[in-house]
1. Over 18 Å between C-alpha atoms is what I'm after, so list which of K22/K49; K198/K302; K159/K283; K57/K85; K24/K224 land there.
2. Between N292 and N111, what is the FRET efficiency for a Förster distance of 41 Å, r being their Cβ-Cβ separation, to the nearest 0.05?
3. Enter the mean projected area of the convex hull around the alpha-carbon atoms of segment 112-168, in nm², rounded to one decimal.
4. For segment 18-103, what percent of Cα pairs sit more than 14 Å apart?
5. Looking at the square roots a ≥ b ≥ c of the eigenvalues of the Cα gyration tensor of segment 59-115, which shape do they give, rounded for a/c under 1.5, prolate if a/b is larger than b/c, or oblate?
6. Rounding to the nearest 20 debye, state how big the charge dipole of segment 8-143 is about its Cα centre with +1 on each Lys and Arg Cβ and -1 on each Asp and Glu Cβ.
7. Positive end of the charge dipole of the chain (Lys, Arg +1 and Asp, Glu -1 on Cβ, about the Cα centre): tell me which of N305, L157, G176 has its Cα farthest that way.
8. Relative to the longest principal axis of the chain, what angle (0 to 90°, nearest 10) does the C-alpha long axis of helix 145-159 take?
Amino acid sequence: MKILITGACGHIGSFISENIYKIKKVSKTILVDNLKSNRFYSLFNSKKKNKLNFFLKDLNNINSLNEFKNVDLIIHCASMTNAEKSFGKEKEMYNNNINCMKTVIKFCKKNNTKLIHLSSTSVYGKQTNLVDETCEKKFLNPQSPYARIKIAEENLLKKNSNNLIYNTFRFGTIAGVSKGIRFHTAVNKFCFNAALEKKIEVYRTALHQFRPYLSIRDSFEVFKFCINNNFFENDIFNVLTGNFTVFQIIKKIKKFKKKVSIDYVNSPIMNQLSYHVDDTKIKSKGLILKSNIDKDIQDTIKLLNNLK
Ligand SMILES: NC(=O)c1ccc[n+]([C@@H]2O[C@H](COP(=O)([O-])OP(=O)(O)OC[C@H]3O[C@@H](n4cnc5c(N)ncnc54)[C@H](O)[C@@H]3O)[C@@H](O)[C@H]2O)c1
């Protein structure tokens, strides 16, 4: 089986690339990234057994994937992703992420290629204490341009679902280490600051709000599950390791770094009520996720251990 990973140098894409040899069905992997995020490091010292082949391509070009033949599956990770920085950059992010989606959809339709699309649990808002995939459109309450664009991607895919075989996964915020790790998301950013003994910035209202998080190791289990079970349902699934509050995350960090101090700050992404995301739907399909986010936190802090 031949797969193609877009955004392969990113946080999730680089983790898949590093571990793809663990999925025996996959015999060849094409990596595509425009490297605008400069994560060249993701390409260094790749293991031969992963059978990777990298191509510098920008998916803003609708024909950028045309040269690839006989691809069975695309795992689509290419995206501009910084939610907090997306304020004021909506147009640029919208154009990039929707263009990427259109390029991938066109390719998959033309070549009968299956598709895994990554969305985010940030599409949910403050409506109720527990949200699941049946949450009606009018109750989705994305709090950033990034999250609004994720809904637009989902809708574009749904609209094109006729000749497509795909899944959309709404991932919780990723925690854990990969070559392409980035530090603009909650857990990673907290770990970075804690490791360097800098204050952890917490949005003033957020300390006791529950949010969904996903271990990067669990995210890989999702791809493995789809490939090994030929699991494609043209549907949307929430995926998370657990719902935690910032307070709980900081408590976990304190297990590995004793001295942690907090600075309460304002942010454009605020005023949401606490909510849990329900993952019963994907569990009922047989996907059991077993990772412990504490290990991801420990791994992340370890990366920076010798600096303080
Ligand atoms: N990391 C998380 O916490 C998280 C949570 C939920 C959903 N997701 C989703 O998962 C997907 C992957 O996330 P990630 O954390 O790996 O992101 P990332 O920002 O680490 O990586 C994205 C990669 O896409 C590449 N890219 C962007 N635009 C491109 C283009 N036009 N052409 C080619 N390459 C392009 C970037 O260079 C980058 O290497 C995204 O869709 C993201 O929204 C991520």
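The values are calculated or read from the model by the stated rules, or taken from the named source; none is laboratory data. No experiment lies behind these values; they were computed from the predicted model shown. Don't worry about glycine lacking a Cβ; one is built from the backbone with ideal geometry, like all the others, and counts go over all protein chains shown. With ligands, DNA and RNA removed, areas are computed over all heavy atoms of the protein, side chains included. Shrake-Rupley method; radii C 1.70, N 1.55, O 1.52, S 1.80 Å.
1. K159/K283; K57/K85
2. Efficiency, rounded to the nearest 0.05: 0.60.
3. 4.1 nm²
4. 70 percent
5. Judged from the Cα gyration tensor, segment 59-115 comes out prolate (a/c at least 1.5, a/b above b/c).
6. About 580 debye.
7. It is N305, whose Cα lies furthest towards the positive end.
8. That works out to roughly 30 degrees.
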